[in-house]
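The values are calculated or read from the model by the stated rules, or taken from the named source; none is laboratory data. The structure displayed is predicted, hence computed values, not measured ones. Using ideal geometry, Cβ is built from the backbone for each residue, glycine included, and neighbour counts are taken over all protein chains shown.
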Amino acid sequence: MTKDTATRLIHTRGRRLAQKTVNPPIERASTLLFDTSSDLYGAKPGYGRMGLAVHRELEDALCVLENATFAKLTSNGLQACALAIGSQVKAGDHILFTDSAYGPTARYLDRRLEKMGVEATRFDPRCGATISNLIKPNTRVIYLESPGSLTFEISDTPAIVDVAQQRGIRTILDNTWGAGILHKPLDLGVDISVQALTKYAVGHADVFGGAVMSRDKRVAQDIIDCGDDWGISLGPDDAYTALRGLRSLKTRMDAHEAAGLRIANWLSERPEVCQVLHPALEQHPDHVIWKRDFTGSNGLFSVILNTVSPEGLKRFFDALELFSMGFSWGGFESLIIPCDPQLKRSKGHWIDQKVGPLLRIHVGLETVDDLIADLRAGFEAMGE
Ligand SMILES: Cc1ncc(COP(=O)(O)O)c(C=O)c1O
């Protein structure tokens, strides 16, 4: 019987069953030593940057998680996004990318790729099959992120993949929110799935990591070549920490999901809240697509408040004790941030019509009643 992903993430010792430890060794090595000159030039890995036992075991676990056959580790999530994209384009190409891509990825596409002679244009994450209208003769890649950063649109990924496959265009999806547990883009025909391991995989807000996963041999070779050319690697201690995080990913995710849903539902009843942007809520505009393509949700979502004065908003944040302000998400601690300064979207985006400020919330692993009491105290201070 095929074992469940959560079970397989705990039993990853396939390549080193002869050894007696539950976890792999951390070999801190730049230099590897060889007995003969032919070994020196023939060995893989021949140099520490290619990674050792702990890297192989993490790669294997990520392949289990994403139903992939290949995984390349990177030193953080942004580097994984940049590698996935950079491995697929060359000067003169065109790439389409979702308007709600993670900000620094969008900046890489807009700024860095332009300098490299690649044209990047945005598409509406809700465009579905009409993406075909945006395709040019030199379009090589469609880059998705679902749900979108901050605004949580869910793409009709199968419809977009269908168009891409007909035109020989490769697709990449930032799967950090889905984390492999909730969403498997490669199963939907996406060519490359990317994750910032920094978030739910690591799960403790203490280490950076990233991964680029694929099934197709030619795609994998492009990623390997580009990773080698750019000198991309992940340190052994960070690889170990990410692998350790994967052991409890499903359990933590279940807890984040349950707590996130309770708080999202509670917030949707509050008079201060105009809209909750959580794809698992029935009122979310893309709920039906989310239900079809995802197996669950986590602790990350946004809310749009009703009109509130800057002083009222300041009192709200000042009153919170458990929800801290800080970038990133996926750790054990609850976070909340005002997002308006970083909401950069195309002209005419629906977010231009929003009533009040947009806040992104990450629900951590604290007791939910305590978190609700914290938010209630914040709203009471807001209204004073
Ligand atoms: C969706 C998404 N992708 C990628 C990244 C980048 O990850 P990292 O912070 O590890 O570079 C982030 C970080 O917030 C993110 O939210």
So which of Ala29, Ala80 is within 16 Å of the ligand (Cβ to nearest atom) and of a type outside the set (D, E, K, R)? Ala80
Out of (1) loosely packed, with under 14 Cβ neighbours inside 10 Å; (2) out of contact with any strand residue (DSSP E or B) (no Cβ under 7 Å at 6 or more places or on another chain); (3) farther than 20 Å from Thr98 by Cβ, the one Lys347 does not meet is (3)
Residue check for Gly227: at pLDDT 95 or above, assigned to a helix (DSSP H, G or I) and not β-branched (Val, Ile, Thr): yes
Spot the failing condition for Arg111; the list is (1) surrounded by 21 or more Cβ atoms within 10 Å (Cβ to Cβ); (2) without any contact (Cβ under 8 Å) to a residue 12 or more places away in the chain, and only one is missed. (1)
Select from the range 95-124 the residues that are under 19 Å from Gly77 (Cβ atoms) and of a type outside the set (A, V, I, L, M) and list them in ascending order. Phe97, Thr98, Ser100, Tyr102, Gly103, Pro104, Thr105, Arg107, Tyr108, Asp110, Arg111, Arg112
Which numbered condition in (1) touching a helix residue (DSSP H, G or I) at 6+ places or on another chain (Cβ under 8 Å); (2) over 20 Å from Val202 (Cα atoms) is the only one that Gly364 fails? (2)
Selection from the range 218-244 of residues that are more than 16 Å from the ligand (Cβ to nearest atom), under 14 Å from Gly86 (Cα atoms) and not small (Gly, Ala, Ser): Val219, Gln221, Asp222, Ile223, Ile224, Asp225, Cys226, Asp228, Asp229
If I ask for residues that are crowded, with 18+ Cβ neighbours inside 10 Å and basic (Lys, Arg), which ones from the range 248-285 would you list? Lys250, Arg252
Residue check for Ser193: under 11 Å from the mean Cα position of the chain (by Cα), assigned by TED's automatic domain parsing to the domain that holds His94, surrounded by 21 or more Cβ atoms within 10 Å (Cβ to Cβ) and farther than 24 Å from Pro338 by Cα: yes
Residues within the range 248-274 that are part of a helix (DSSP H, G or I) and either acidic (Asp, Glu) or at pLDDT below 95 (or both), tallied: 2
If we ask which residues in the range 138-152 are within 14 Å of the chain's Cα centre (by Cα) and either among the charged types (D, E, K, R) or in the same structural domain as Phe327 (by TED's automatic domain parsing) (or both), their number turns out to be 1
Elements of type helices (runs of 4 or more DSSP H) contained in the range 1-91, each with 1 or more residues being surrounded by fewer than 12 Cβ atoms within 10 Å (Cβ to Cβ) and of a type in the set (Gly, Ala, Ser): 37-42
Boolean, Leu182 is under 15 Å from the mean Cα position of the chain (by Cα) and at pLDDT 95 or above: yes
Being of a type in the set (A, V, I, L, M, F, W, C) and in a helix (DSSP H, G or I) is the filter; apply it to the range 92-115 and report the residue that is nearest to the ligand (Cβ to nearest atom). Ala106
The range 197-214 residues that are free of Cβ contacts under 8 Å to residues at least 40 places away in the same chain, paired with ones that are more than 9 Å from the ligand (Cβ to nearest atom) (beta carbon under 6 Å, 6 or more apart): Val207/Asp238; Val207/Thr241
